[in-house]
Each structure stands twice: as C-alpha cells, then as structure tokens.
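The values are calculated or read from the model by the stated rules, or taken from the named source; none is laboratory data. Please read all numbers here as calculations on a predicted model, not as lab measurements. We place every Cβ from the backbone using ideal geometry, glycine too, and count neighbours over all the protein chains shown.
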Amino acid sequence: MSKIPRNFKLLEELEKGEKGLGAESISYGLDNQDDITMTYWNGTILGPPHSSLENRIFSLKIVCDETYPDKPPKVTFVTSINLPCVDSKGNVIVPKFDTLKNWKRTYSIETVLLELRKTMASPENKKLTQPEEGTLF
C-alpha cells in the first residue's frame, strides 16, 4: 500500500474540516488561508455535556510540521483547561495522551480533537475543577 503524501492528506483534512463533514462537537481549519504548507491550524472543542466543561468552547492551536502525518501534530490549548494530559502552558503532553503517544499515520486532526473531547468527558476528568470560563493560557 502506498503512503499518501503529506499535502494530499492535509488537503483532505482541510476539505472535511471546512465543509463541516465531521463530528458536530469539534471544528478545525487553517489558521491562515494563505498557508500553502498547511502547517498551522486552529481547532475548537465543545465541552462535553454532564461535565464541568459543559457549554464551554475550547480553542486550540495545532501544528502539522513537515514530519506530519508520520509523527503527531503539536497540540496546544489556547483556552485554559485542567486536564492531566495538558501542562501549565496549554500543551498536550504526548506521553500522557494515548492518541499522540501511540500515533498512527491514519489518524488525523479530527481524531486528535475527538479523543481530547473523550478525555474531557471521561469519569475521572469530567468533574475536575476548571479555570474560570474565558481564561486563556
């Protein structure tokens, strides 16, 4: 099986993100439409229901450098959040987040955002005390 080139994979992800073809609880797209390298992305996650994050919108920065999709993107929360896999600067800690730690080339930005949302909704995390709504890292 041949490997899909980085740009083709990112174009496919961009199209899916822009058309809103994925899950309704997340969204993503390029930070700058003129970024021909498709390196810098924005993402949003709606806080899961029945959790301390319900009705909140979380903004993220995603960097798909030249090693993507062979290596995972760098993911950083812009909106403050208290999660065991996020450090004090908003960076998602690779060894503490299975999706990045066990990265597969078939994963996507959508996969990362959906798995982060699942982590937010997990029984051990959904009741964690959170920073005041609207605070940023």
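At-a-glance table
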| quantity | calculated |
| --- | --- |
| Hey, Glu12 surrounded by fewer than 13 Cβ atoms within 10 Å (Cβ to Cβ), outside any strand (DSSP E or B), under 15 Å from the mean Cα position of the chain (by Cα) and not small (Gly, Ala, Ser) or not | no |
| Residues within segment 84-105 that are out of contact with any Cys (no Cβ under 8 Å at 6 or more places or on another chain), assigned to a loop (DSSP other than H, G, I, E, B) and either in contact (Cβ under 8 Å) with a residue 60 or more places away in the chain or among the aliphatic types (A, V, I, L, M) (or both), tallied | 1 |
| Segment 60-78: number of residues that are touching a Ser or Thr at 6+ places or on another chain (Cβ under 7 Å) and surrounded by fewer than 15 Cβ atoms within 10 Å (Cβ to Cβ) | 2 |
| Neighbours by Cβ (under 7 Å, 6+ apart or cross-chain): first from segment 110-137, exposed (fewer than 13 other Cβ atoms within 10 Å of the Cβ); second of a type in the set (Ser, Thr, Tyr) and modelled with pLDDT of 95 or more | Pro131/Ser80; Thr135/Ser80; Leu136/Thr79; Leu136/Ser80 |
| Subset of segment 19-36 that is in contact with a Phe, Trp or Tyr (Cβ under 9 Å, 6 or more places away or on another chain) and outside any loop (DSSP other than H, G, I, E, B) - its residue that is surrounded by the fewest Cβ atoms within 10 Å (Cβ to Cβ) | Gly29 |
